[in-house]
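The values are calculated or read from the model by the stated rules, or taken from the named source; none is laboratory data. These figures come from a predicted structure and were not determined experimentally. Positions of Cβ are generated from backbone atoms using ideal geometry, with glycine treated the same way; all protein chains shown enter the neighbour counts. Just so you know, the surface numbers come from the protein's heavy atoms only, side chains and all, with ligands and any DNA or RNA stripped out. Shrake-Rupley method; radii C 1.70, N 1.55, O 1.52, S 1.80 Å.
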Amino acid sequence: MAPSEPNPRVVVGVDGSPSSYAALRWAVRYARLVHGGVEAVHAWSTPAELDWSGLVIDPDFDVDQARERFAEELGAVFGDERPKGLREQLVEGDPSEVLIGFSKGADVLVVGSRGRGGFARAMLGSVSRRCAQHAACPVVVVREDRDHAH
């Protein structure tokens, strides 16, 4: 690669699922091969449930909890040693929309094959499927890594 070319940008979705851990490991290995940087993206939203009275939002959930969960997820994969050049992006919003947005200008988007979505999300289509259909760059879908227990 010529020195004037920008470093490849590898975006990876992290949601705490075993397949997202495998996707994160894959993204880091790939970025090393192509001398690129990794953006680990964790999309969060305030948990809500539908009950007999309507939509119930959990008032105790906030960005600090999302930040803590993201740190735990990265720690589960890397321990205390983050890979060189890893950028952490914590963004509020729908995971597929957030990742599709981050795919603009990326060389590749990496997602796990099965996340932590609930039944409602499954009915609407998985994050990996939406990303594969709408991302602005190639998408790699990684299955759960059976060699690493998390």
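Beta carbons closer than 8 Å, at least 6 apart along the sequence or on distinct chains, pair a first residue in segment 6-31 that is farther than 16 Å from residue 79 by Cα with a second that is open to solvent by less than 10 Å² (accessible area, probe 1.4 Å) and polar (S, T, N, Q) for 11/103; 12/20; 13/20.
Listed here are the residues, each with its yes/no results for (1) modelled with pLDDT under 75; (2) open to solvent by less than 30 Å² (accessible area, probe 1.4 Å).
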{"residue": "52", "(1), (2)": "yes, no"}
{"residue": "69", "(1), (2)": "no, no"}
{"residue": "72", "(1), (2)": "no, no"}
{"residue": "87", "(1), (2)": "no, no"}
{"residue": "95", "(1), (2)": "no, yes"}
{"residue": "101", "(1), (2)": "no, no"}
{"residue": "125", "(1), (2)": "yes, yes"}
{"residue": "137", "(1), (2)": "no, yes"}
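Any residue at all in segment 106-113 that's surrounded by fewer than 11 Cβ atoms within 10 Å (Cβ to Cβ), within 24 Å of residue 29 (Cβ to Cβ) and at pLDDT 90 or above? No, every residue in segment 106-113 fails to be surrounded by fewer than 11 Cβ atoms within 10 Å (Cβ to Cβ), within 24 Å of residue 29 (Cβ to Cβ) and at pLDDT 90 or above.
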